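Read the structure below first, then the notes.
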Amino acid sequence: MTAARQSALDRLTADAPFLARLAELYPDDVARFLADGADAALAPVAPPAADDDIMPALRRWRGRTALLLALGDLSGEHDVAATTRHLSAFADAACDAALAAAFAERVPGEAPRGIAVIALGKLGSHELNYSSDIDPILIFDPDTMPRRSRDDPDEAAVRIARRMVEILSARTADGHVLRVDLRLRPHPEVTPIVLPESAAISYYESEALAWEQAAFIRSRASAGDRALGQHFLDAIQPFIWRRNLDYTVMDDMKVMLRRPTGAPGWEGFNLKTGLNGVRSIEFLTHVLQLVGGGRTASLRGGSTLPALAALAGENWISAGQRDALSALYLTLRRAEHRLQMMADAQTHALPRSMEAI
């Protein structure tokens, strides 16, 4: 046991009620962390087995993972990049497990295939927060997706997708696994929650808006039928990375960069949407990527810090700007994690008093 690990546990139990309860539930994980460190303690924490009761098993897995990642973060064994990478890998695996369970319930004995999870936002860039939503787009291939003999393929896909979302997001006595927000799909007010691949490709080739183009900078096939997901992403690359941008797109980008600044000072400051917050850094990065990425492939990376490094390498920003933006981004994300781990709350705002801060 090191002093840093014991200090992390002491602070966690004193100041983070959500994590303190998890520490009581999983004392063996805490003991392994104190003896061997976060990575060694995480190694045996595995996804549920196929014959497990999926709802409680996924929630127990999520609780153990959240506890050990917080301890690794607080002890300094994991930096921001390691923490977000672990959280994103957990979300990918949880989506795979939930989708496999949904298929097993609907078409027992069939391998889960023909439905792909396309991650956008922080999951797409491997930068997930402790308490982030995930913002996927779900697509399916009616020719390869297993279904009952009398099922309409569209209805079968919706049933499986809806069950996957329920497994992940329903709140039970054991909590939830992930909040799933499907509103980034095309025309969410009228479209089903899972779209045929051909229809999705047609939309992005002909109708999509500038903000949707920006959203796909941070996109990847993260779960489910990854070959299907990658085929879809390959098909819409010309939509994402255009060699020429018209003035309408540039005007849309200006709107994307205009954000409310909020009141001055730290009390109540929103780390995500406040002046020079996380979103400002991300949007600035995305706008420059969209302008230059159509002609320069090195600018197409999805993660923020590597993208800032690439922009500096191509002289879109200076080395000093890269360093300043990167340092600020890491500071804001670290503070954001501290806020969220205290009570498992989806919050980005600092407390409204300096004493609470």
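The values are calculated or read from the model by the stated rules, or taken from the named source; none is laboratory data. Remember, it's a predicted structure, so these values are computed and weren't measured experimentally. Backbone-built Cβ (ideal geometry, glycine too); neighbour counts: all protein chains shown. Areas reflect the complete protein model, heavy atoms only, side chains present, ligands, DNA and RNA absent. Shrake-Rupley method; radii C 1.70, N 1.55, O 1.52, S 1.80 Å.
Here 183, 179 are screened, and the one residue that is surrounded by fewer than 17 Cβ atoms within 10 Å (Cβ to Cβ) and under 22 Å from residue 65 (Cβ atoms) is 179. Across region 208-247, the number of residues qualifying as polar (S, T, N, Q), assigned to a helix (DSSP H, G or I) and more than 23 Å from residue 114 (Cβ to Cβ) comes to 1. Residue count for region 173-198 satisfying the condition of being more than 19 Å from residue 124 (Cα to Cα) and either without any contact (Cβ under 8 Å) to a residue 40 or more places away in the chain or in contact with a Leu (Cβ under 8 Å, 6 or more places away or on another chain) (or both): 9. Within region 317-327, the residues that satisfy the criterion of being surrounded by fewer than 18 Cβ atoms within 10 Å (Cβ to Cβ) and among the aliphatic types (A, V, I, L, M) are 319, 324, 327.
Of all residue pairs spaced 6 or more apart or on separate chains, none has beta-carbon atoms under 6 Å together with a first member in region 90-102 that is over 21 Å from residue 146 (Cα atoms) and a second member that is open to solvent by 20 Å² or more (accessible area, probe 1.4 Å) and modelled with pLDDT of 95 or more.
So, in region 89-146, of the ones that are of a type in the set (Lys, Arg) and out of contact with any helix residue (DSSP H, G or I) (no Cβ under 6 Å at 6 or more places or on another chain), which residue ends up surrounded by the most Cβ atoms within 10 Å (Cβ to Cβ)? Checking each candidate, the answer is 122.
Residues checked against (1) under 30 Å from residue 272 (Cβ atoms); (2) at pLDDT below 95; (3) of a type in the set (D, E, K, R); (4) more than 12 Å from the chain's Cα centre (by Cα):
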residue: 107; (1), (2), (3), (4): no, no, no, yes
residue: 114; (1), (2), (3), (4): no, no, no, yes
residue: 118; (1), (2), (3), (4): yes, no, no, no
residue: 130; (1), (2), (3), (4): yes, yes, no, no
residue: 138; (1), (2), (3), (4): yes, no, no, yes
residue: 141; (1), (2), (3), (4): no, no, yes, yes
residue: 149; (1), (2), (3), (4): no, yes, no, yes
residue: 160; (1), (2), (3), (4): no, no, no, yes
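Checking the conditions here, which among 330, 350 is surrounded by fewer than 18 Cβ atoms within 10 Å (Cβ to Cβ) and either among the small types (Gly, Ala, Ser) or touching a helix residue (DSSP H, G or I) at 6+ places or on another chain (Cβ under 8 Å) (or both)?
Answer to the selection: 330.
Residue-by-condition table, conditions (1) at pLDDT 90 or above; (2) open to solvent by 40 Å² or more (accessible area, probe 1.4 Å); (3) in contact with a strand residue (DSSP E or B) (Cβ under 8 Å, 6 or more places away or on another chain):
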site	(1), (2), (3)
271	yes, no, yes
278	yes, no, no
289	yes, no, no
303	yes, no, no
309	yes, yes, no
315	yes, yes, no
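Beta carbons closer than 9 Å, at least 6 apart along the sequence or on distinct chains, pair a first residue in region 291-314 that is under 19 Å from residue 333 (Cα atoms) with a second that is of a type in the set (Lys, Arg) and not in a helix (DSSP H, G or I) for 302/220; 307/300. Look at (1) assigned to a helix (DSSP H, G or I); (2) under 24 Å from residue 172 (Cα atoms) and you find that residue 47 fails only one, number (1). Taking residues in region 2-16 that are closer than 15 Å to residue 78 by Cα, and partners anywhere that are hydrophobic (A, V, I, L, M, F, W, C) and surrounded by fewer than 16 Cβ atoms within 10 Å (Cβ to Cβ), the pairs with Cβ atoms closer than 9 Å and at least 6 places apart or on different chains are 5/35. Of the residues making up region 318-357, those that are part of a helix (DSSP H, G or I) and either on the phi > 0 side of the Ramachandran plot or small (Gly, Ala, Ser) (or both) are 319, 320, 324, 326, 327, 335, 343. With respect to residue 151, determine if the residue is in contact with a Leu (Cβ under 8 Å, 6 or more places away or on another chain) and of a type in the set (Asp, Glu). Answer is no for this residue. Contact map, region 19-40: first residue under 16 Å from residue 344 (Cα atoms), second residue open to solvent by 50 Å² or more (accessible area, probe 1.4 Å), Cβ cut-off under 8 Å, separation 6 or more or different chains; pairs are 19/13; 19/342; 20/13; 20/14; 22/64; 23/13.
One residue stands out among those in region 140-152 that are touching a Lys or Arg at 6+ places or on another chain (Cβ under 9 Å) and touching a residue at least 24 places away in the same chain (Cβ under 8 Å): the one that is nearest to residue 201 (Cα to Cα), which is 141.
For (1) part of a loop (DSSP other than H, G, I, E, B); (2) closer than 16 Å to residue 229 by Cα; (3) small (Gly, Ala, Ser), each residue gets a yes or a no:
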{"position": "145", "(1), (2), (3)": "yes, yes, no"}
{"position": "149", "(1), (2), (3)": "yes, no, yes"}
{"position": "155", "(1), (2), (3)": "no, no, no"}
{"position": "162", "(1), (2), (3)": "no, no, no"}
{"position": "183", "(1), (2), (3)": "yes, no, no"}
{"position": "188", "(1), (2), (3)": "yes, no, no"}
{"position": "199", "(1), (2), (3)": "no, yes, yes"}
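Of the candidates 221, 227, 200, the single residue that is open to solvent by 70 Å² or more (accessible area, probe 1.4 Å) and at pLDDT 95 or above is 227.
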